[in-house]
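The values are calculated or read from the model by the stated rules, or taken from the named source; none is laboratory data. Quick caveat: nothing in here was measured; it's all calculated off a predicted structure. Here the Cβ is made from the backbone with ideal geometry for all residues, glycine too, and neighbour counts use every protein chain on show. In case anyone asks, the SASA skips ligands and DNA or RNA and just uses the protein heavy atoms, side chains included. Shrake-Rupley method; radii C 1.70, N 1.55, O 1.52, S 1.80 Å.
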Amino acid sequence: MQKEKLAFLKDKALKLRHDAIEIIGHFGVGHIGGTMSVMDALTVIYYDKANIDPSNPKKQDRDRVIMSKGHAGPAMYAVLADLGYYPKEWTLTLNQNGTNLPSHCDMNKTPGIDMTAGSLGQGLSAAVGMAIAAKIDRNPATIYCFIGDGESQEGQIWEASMLAGSKKLDNLIVLLDSNKMQLDGPVESINGLEPIPDKWKAFNFFVQDIDGHDLEAISDAIDAAKAQKGKPSMIVLRTVKGKGASFTEGVANCHSMSIPEEVWRKETGRYE
């Protein structure tokens, strides 16, 4: 990756993290941990890889980005607002009455959201269906789907993966946000997933296991996934929950938490 591109993506990821902190901070409470851990991968996809057009969010040949772990909606909202899918002012209405930005992603409310999320596990099933449809229609779209490691305890994840591998959906890239923490504690102490790569290989996926905060590694992994033929791809993102905020990074109870105004303003440097 060129130095200029890398510097741009690093600056953009930092800005988007601050935007997400502000989005949640204005409401006062929200899913900060999983929002922050996916931001680097979202930045690479939206600003370097995806075929999208904010002025035409429903164009048929666009790439789809499914946030199956829908509580990371604020990460999507920060990105989509920055790209111009809707007015920036919307981001100050998170989860409020009449908002277009609910706590979990909703395709009927938010321009740029490709699939509604809420019940964990269902997003991957939708992504597999989109990938099958794209194959039938000879649509060149790439289907990206973010899932969580806590979410991966849902049986629906593995049913969808079995079908994806069986159908050889090489237009599907699944990204596992392996931040090692879920709502009630460490993933491995609740219902462990390891060895994660071996499980996905057994479902006939092309698997890459990378540092989920290394922008170059993410970019290279997506390129390798796109070049793979005859298999869907899994990119295991080894991440830190709450990454990039001093008050959340690696904190055990940061899945959802209150954020006092003085805290988020100090973190982002944004003062009235």
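Considering only residues in segment 207-256 that are over 19 Å from the mean Cα position of the chain (by Cα) and in contact (Cβ under 8 Å) with a residue 24 or more places away in the chain, the one that is nearest to Asp19 (Cα to Cα) turns out to be Val251. Considering each residue of segment 205-214 in turn, none proves to be open to solvent by 20 Å² or more (accessible area, probe 1.4 Å), modelled with pLDDT under 95 and under 20 Å from Thr239 (Cα atoms). For segment 171-192, a tally of residues being over 19 Å from Asp40 (Cα atoms), part of a loop (DSSP other than H, G, I, E, B) and open to solvent by 40 Å² or more (accessible area, probe 1.4 Å) returns 2. Every listed requirement among (1) aromatic (Phe, Trp, Tyr); (2) at pLDDT 95 or above; (3) surrounded by fewer than 18 Cβ atoms within 10 Å (Cβ to Cβ) is met by Phe247 save one, (2). For segment 53-103, give me each residue that is among the hydrophobic types (A, V, I, L, M, F, W, C), touching a Gly at 6+ places or on another chain (Cβ under 8 Å) and open to solvent by 30 Å² or more (accessible area, probe 1.4 Å). Leu83 - this is the single residue of segment 53-103 that is among the hydrophobic types (A, V, I, L, M, F, W, C), touching a Gly at 6+ places or on another chain (Cβ under 8 Å) and open to solvent by 30 Å² or more (accessible area, probe 1.4 Å).
Scanning segment 11-23 turns up at least one residue that is of a type outside the set (A, V, I, L, M, F, W, C), without any contact (Cβ under 8 Å) to a residue 24 or more places away in the chain and within 23 Å of Arg265 (Cβ to Cβ). In segment 141-156, how many are β-branched (Val, Ile, Thr) and either touching a strand residue (DSSP E or B) at 6+ places or on another chain (Cβ under 6 Å) or surrounded by 24 or more Cβ atoms within 10 Å (Cβ to Cβ) (or both)? Residues flagged as β-branched (Val, Ile, Thr) and either touching a strand residue (DSSP E or B) at 6+ places or on another chain (Cβ under 6 Å) or surrounded by 24 or more Cβ atoms within 10 Å (Cβ to Cβ) (or both) within segment 141-156 amount to 2. Here the helices (runs of 4 or more DSSP H) wholly within segment 67-170 that include at least 1 residues being more than 21 Å from Lys199 (Cα to Cα) are 73-83, 122-137. Ile52 meets the conditions (1) free of Cβ contacts under 8 Å to residues at least 12 places away in the same chain; (2) outside any helix (DSSP H, G or I) in every case but one. The failed one is (1).
For segment 23-33, filtering for residues that are closer than 22 Å to Val44 by Cβ and either touching a Phe, Trp or Tyr at 6+ places or on another chain (Cβ under 7 Å) or of a type in the set (D, E, K, R) (or both) leaves 1.
Could you please find all residues in segment 30-52 being open to solvent by 20 Å² or more (accessible area, probe 1.4 Å) and of a type in the set (S, T, N, Q)? Across segment 30-52, the qualifying residue is only Asn51. When segment 157-166 is filtered for residues that are aliphatic (A, V, I, L, M) and open to solvent by 50 Å² or more (accessible area, probe 1.4 Å), the ones remaining, listed by number, are Met162, Leu163.
In segment 175-190, the residues that are more than 19 Å from Val65 (Cβ to Cβ) reach residues that are charged (D, E, K, R) and open to solvent by less than 60 Å² (accessible area, probe 1.4 Å) with C-beta atoms within less than 8 angstrom, at least six apart or across chains, in these pairs: Lys180/Asp149; Lys180/Lys241; Met181/Lys241; Gln182/Asp149; Val187/Asp149. On inspection, Asp19 does not qualify as open to solvent by less than 60 Å² (accessible area, probe 1.4 Å), part of a loop (DSSP other than H, G, I, E, B) and charged (D, E, K, R).
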